[in-house]
Each structure stands twice: as C-alpha cells, then as structure tokens.
Amino acid sequence: MNMRTRVGIIGAGPAGLMLSLLLSMEGIDSIVLENRDREGIESTIRAGVLEQGTVDLMTEIGLGERMKREGSVHHGIELRFDGEGHRIPLSELTNGRAITVYPQHEVIKDFIAARLNQGGPILFNVEDVQVSNISSSQPSLRFVHEHEQMELQCDFIAGCDGFHGISRASIPEAIQHGFSRSYPFGWLGILMQAPPSAEELIYTYHERGFALVSTRSPDLQRMYIQCDPQDDIANWSDPMIVEELQLRLATTNNWQLLVGPIIQKSILAMRSFVIEPMQYVRLFLAGDAAHIVPPTGAKGLNLAVADVRHLARALTMFYKQNRTDLLEAYSTTCLRRVWRAEHFSWWMTSMLHRFLDDDAFQQRMQRSQLDYTVSSRAAATSLAENYVGLPFTW
Ligand SMILES: Cc1cc2nc3c(=O)[nH]c(=O)nc-3n(C[C@H](O)[C@H](O)[C@H](O)COP(=O)(O)OP(=O)(O)OC[C@H]3O[C@@H](n4cnc5c(N)ncnc54)[C@H](O)[C@@H]3O)c2cc1C
C-alpha cells in the first residue's frame, strides 16, 4: 500500500513526537513510524530533568498543565564530597531559570495524547523500516505494518529513532564522521518506593564512586551508583545497593537516606557520541540518532527537543517562504549546542566519577575542581547556566 506525507518521521521518542507536534501547529502534515507498542514507550523509564527551555516550549504548545501540576521545579542542586554538601543555587545564578523534574515517560504520554488528539497518525509496531531514494528529492520509507508491506512517500525524512535506529546508517559512510568516547564505568540505576530524601538532586563524588539522588514523584525515587558497566545486575542484591548508597552519601552531619522497596534496577553503559553532519540530502537526524551524552549532565532529552525545534522552524520556512537556507544550515546550527552539551556532560562526568586508572594526582585534580566549583561564583555560574540550559539561540 502507498501513502504520502510531507515529513516522514522515524521514531516516537521525545524528538519524533515533538517534531510532529510542532509541524502540525504550522499546518505541515507528518506521519510517525514507531517499532514498539504504545504501552512500551509510555512505560520506559529514562530521563527526568527538563531544562528551562524544554519546559517553556512544552508550555508554549499547550502541554504545560500536567507537567506544572505533577512535576517539581528545582532551583538548585547539591554537590557532595568529603562528607559535605554544597548547594549550587541554579536560579540565583541564572536570572531565575530552573529545571523541572518530570519523568520522560510522562512527557511521552502527554506528547502521544496531544498528537492523537490532533488526528495525527502515529503507526506503532511497524517493522523493518528502510529509507529509500535517499539522494532524491522524493525519498520514501518502506516498512511493514499489520503484516502489510507499505511505502510512505515524503518530501523529507526525520531520523528520530535513537542511538540504535536505522536512519543514521542510511547516510553513506563516506560522508559520515563519528566522534566517540566510552567511559570505563556505568550507572546502576534504581527506582525506590520511598519519600524524597532531599528537596534537590544530590551529585556525589566519593572514593567508592559516584552516586546520584534524584526523584520521580513524591513517593518514587530514582538513584544511581557508579559501577562496572560489564557487571551483572543479578550480582547486586537490594540490601547491597542500599548499603552502597548509604556509604557514598554519608555526611559528617549524619544525613539520612530514606529507604523503601526497590521496584526496578538495571545497569547502563555510558558513552559520548556525535555524528557530523546531522543531515544528508533530505534526511535529517535529530536527538539520540545523531548524538549521545552520558546522563550526568541530564542533557539527552533536552538536546533532542532543541534539535527538532530547529528542524521544525527550517521546514516551516521551506513550506511557507520557499526558503532553504535554514534546512541547509540545520546540522551546523544544531552542532554548536550539541558540542556544548557534549563538553558539559563529559566535564560533569569527569569531575564526579572515579576512573579505573586514576592516581592520587588525578584525585586531587578532581577535588580541586569540585572545591573551585562550589567556592567561586563564576565557576558555579558556568555549571548552573549549562545545567538549566543555554538559550535556544545557542
Ligand atoms: C538512565 C537515563 C537517564 C537519563 N536522564 C536524562 C535526563 O535527566 N535529562 C535528559 O535530557 N536526558 C536524559 N537521558 C537521555 C534521554 O532519555 C534520551 O536522550 C532521549 O530519550 C532521546 O530522545 P530521542 O527521541 O532522540 O530518542 P529515543 O527516546 O531513543 O526514541 C527513539 C524512538 O525510536 C524508536 N525506534 C528505534 N528504531 C526504530 C526503527 N528502526 N523503526 C521505528 N522506530 C524505531 C524507539 O523505539 C524509540 O521509541 C537519560 C537517559 C538514560 C538512559
């Protein structure tokens, strides 16, 4: 069966769904293809920290209500080391900007509901998506849906299918340049049924390794500890995880971690990756399909949203004013912000984790960096403005 749309979008993650919403507001039709089912993508636990710009955009397009009601706005974070906590007052240092903790799967639920309300097609459970005629002005997407072979003809294709998707590999190897860094550690992440132990996120540097106390809701907490990325989660019993958290988070004033049942645990590897350029003829990559950051800087979802904001604007200018300059500049425009986020995420990761080969010199360098960050207003401001997110014009 043949279908036609202006923009064919692969992937119903934050990038693909936000792009379809932004295009629809400009009267530009699109179809989203997703290889998982709706329930699966609405329940995958991932990000939680939304930058000010992401929150503002969601509010602007009418999706701020539930986020405002159920999310929590944080005006600071804590850096903890040597048993002491040090608050970085994000809002005070950034003219009132803040982060909002609102889980990614709730963002996804809001996006899907809004897109379906607009009558916009999202095809779930598609299989075997392939990009065809990529070098022409009429590319198409071939895929199987409900056992039927389909072809979707498009003016443009947006590859929003995450790091393991197919769109990045559709760009000829000869013009792709990949930049990557892997880290010799991973994060063991848990969801715990307990009240929050702190009002703000706690990033901890400890000789046993990094720990992060984050939250998802008043009775569900998200926490991470640095671990061996090859480790098997079965090696970590719940009491072991709690003990490790307590050891790393201990303070000289006896701060207490509030504990409860662990309802989910997993280990994730960490890497940095960027592909240049992020476009080829009429295929545009956005979000994790084009770049990955370690989660320490809480940037991945926010970068995905920033990419598609640029892409939606460029496509709008193309359809409304016949302008191609913004489309041509898409990769260059996005990469400026992408590399800033790559640097920030790498910097936070390097400052806060123990590296396998680090010696006493390296550890003193990390401590000096932490000390400077919490003592100097200029250094704290640099962290704060990157953490809450630079303006969209970056
Ligand atoms: C533990 C963890 C914590 C994180 N914390 C934060 C945070 O606090 N803040 C932050 O900003 N980011 C965070 N991130 C990163 C964030 O989750 C990702 O960067 C974000 O999901 C990227 O969105 P995306 O739309 O580009 O890709 P994805 O969310 O990966 O979406 C891609 C979609 O495409 C679909 N797909 C894949 N292949 C195909 C195919 N062949 N055909 C059709 N569909 C396909 C997938 O099923 C998926 O639904 C975190 C990530 C992790 C793992």
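Tabulated data for the structure shown
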item: Computed over segment 220-305: relative contact order in percent, which uses C-alpha pairs under 8 Å that are six or more apart; result: 23 percent
item: Charge dipole of the chain about the Cα centre (unit charges at C-beta), most positive-ward option of TYR224, ASN95, PRO184; result: ASN95
item: The chain: antiparallel DSSP beta bridges as a percent of all, rounded to 5; result: 75 percent
item: Cα-based reach from LYS265 at 16 Å (exclusive), listing aspartates and glutamates while leaving out same-chain residues under 8 positions away; result: ASP228, ASP231, ASP232, ASP238, GLU243, GLU244
item: Under the Debye formula (equal points on every Cα, no solvent term), log10 I(q)/I(0) of segment 124-215 at q = 0.12, 0.14 Å⁻¹; result: -0.69, -0.76
item: Ordering of 294-304, 361-371 by burial proxy (mean other Cβ atoms within 10 Å per residue, highest first); result: 294-304, 361-371
item: Rounded to the nearest 20 debye, dipole of the chain from Cβ charges on Lys, Arg, Asp, Glu; result: 820 debye
item: Cα→Cβ-extended label distance, 7 Å offset, between SER266 and GLN149, nm; result: 3.4 nm
item: Crossing angle, helix 238-249 versus the chain [Cα axis fit, 0-90 degrees, rounded to tens]; result: 70 degrees
item: Protection-proxy order for peptides 133-146, 89-102, each taking the mean of Cβ atoms within 10 Å per residue, highest first; result: 89-102, 133-146
item: Under 14 Å from LYS109, Cα to Cα: aspartates and glutamates that are on another chain or at least 8 residues apart; result: ASP37, GLU39, GLU42, GLU65, GLU70
item: Principal-axis tilt of helix 360-375 within the chain, Cα atoms, nearest 10 degrees; result: 80 degrees
item: Residue order, fewest to most surrounding Cβ atoms within 10 angstrom, among THR381, THR5; result: THR381, THR5
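FYI, it's all coordinate maths here, none of it is from the lab. The structure displayed is predicted, hence computed values, not measured ones. Positions of Cβ are backbone-derived with ideal geometry, glycine not excepted, and every protein chain shown enters the neighbour counts.
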